[in-house]
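The values are calculated or read from the model by the stated rules, or taken from the named source; none is laboratory data. Not measured: the values here are computed from a predicted model. Cβ atoms come from the backbone with ideal geometry, glycine included; neighbour counts cover every protein chain shown. The accessibility values were calculated without ligands, DNA or RNA, using every heavy atom of the protein model including side chains. Shrake-Rupley method; radii C 1.70, N 1.55, O 1.52, S 1.80 Å.
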Amino acid sequence: KFYQHATTEASQATLASVSPVFAVMKFDKEGNTTYFEKKKTELYQELGLQARDLRFQHLMSIATRNNRIIVRMEFLKAVITPEFLLILDYRNLNLEHWLINELASQLAGEGQLVTYSLPFEFRAIEAILQYRISKLQGRLNTLQPQILETLEALVDPKLLSVDRSKLHILLQNGKSLSELETDLKVFKETILEILDEEEVIEELCLSKWTDPQVFEESTSGIDHAEEMELLLENYYRQAEDLANEARELRVLIDDSESIVFINLDSHRNVMMRLNLQLTMGTFSLSLFGLIGVAFGMNLESSLEEDPRIFWLVTGIMFLGSGLIWRRLLSFLGRHLEPPLPPHVPAVLKKSQPTAGRVEIKNNLKAETFGLSRSTLTNQ
């Protein structure tokens with residue numbers, strides 16, 4: 001028993017030594033900031049949470065546990081209470097810049113947060129959602145001009161070939177756009193899941209269940225649950241607008257791809273037609289070249305003694321080849337021209353719109369009035 005007890009204590013000490021340590025940044029209601037490091041076991045025990053509640057993934061989620069709001073948002077890991085906000089593992093360049101320069105002032109009321117008059121958790125949630133939307137908006141603003149510039153260069157009809165470097169840039173931007181669309185979709189789905197559950201919206205209002213004054217305000221007419229719902233709907237609409245812009249860029253890429261293929265097909269058709277014309281010319285020339293072959297054989301006749309026969313045979317060869325080539329080109333032109341539009345029956349011609357008939361009548365009346373006026377003037 002003593003050996004088993006010693007082994008258990010040693011294993012617990014080993015687990016405690018290897019447990020993860022969080023670098024924590026703490027913000028209070030006044031925007032004051034403190035930094036400290038704490039083990040995961042100590043942190044979730046102080047917050048009254050379970051160990052699995054602080055198991056952060058890269059997927060976005062907003063959940064409530066024991067009157068605490070746990071936010072998982074890519075690299076952002078946060079725990080919101082009615083009194084303070086904890087940012088875990090904040091040592092990220094972009095994240096640290098936002099935390100030091102913007103978040104503290106926003107929580108203190110110096111920023112542009114709409115929920116400053118509401119309890120602390122409203123400000124914390126709005127600041128985090130605003131940061132996430134601003135990051136997504138920045139990614140879209142970076143991709144949009146690059147994609148439009150690349151598409152404009154690829155769709156130019158004067159180009160006979162496609163620049164592979166532009167296609168490589170477009171491929172990279174297309175992948176980045178797909179990642180952005182996925183992040184926007186996850187953001188919208190997370191917000192929509194909360195909006196569909198009234199109980200979750202009520203649980204997000206932490207001060208409503210801890211502060212008696214806030215509870216009295218909520219029961220007297222200022223419903224904090226509705227304020228939380230409006231806040232989430234606002235950022236859902238912003239994410240929807242960004243998703244629509246990203247979708248328009250995707251449609252532009254697809255349409256430009258079709259245009260590029262059409263231009264390439266057009267140039268390919270021109271080359272094929274030129275090749276066909278040269279093949280016809282070669283055929284017609286070789287056909288009348290048989291006369292030269294016949295005269296070039298080592299056979300004696302009375303024609304080779306006449307000096308005018310050479311020029312006569314040569315002229316017949318070139319003239320006949322030219323005539324056959326022209327006939328073949330005209331045959332090719334007739335079959336490659338687009339067909340004429342179908343004949344419109346007389347019944348369809350009579351069924352003109354009323355506005356067209358009124359316009360024709362007005363024109364006829366104007367012409368008749370002009371003729372009668374000129375006749376009166378002459379008289």
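A few points about this structure:
- R250, R55, reordered so the largest accessible area comes first (probe 1.4 Å): R55, R250
- Solvent exposure of segment 21-263, expressed per residue, is 54 Å² of accessible area, with all protein chains present and a 1.4 angstrom probe.
- Per-pair calculated FRET efficiency, R0 = 56 Å: E152 and E198 via Cβ, rounded to 0.05: 0.70
- Relative packing of peptides 225-237, 29-41 - highest average C-beta neighbours within 10 Å first: 225-237, 29-41
- Taking the 1.4 Å solvent-accessible surface of segment 21-263 as the whole, the part contributed by carbon and sulfur is 49%.
- Unsatisfied cross-links (Cα-Cα over 28 Å) in the set K29/K77; K38/K188; K40/K185; K29/K135: K38/K188; K40/K185
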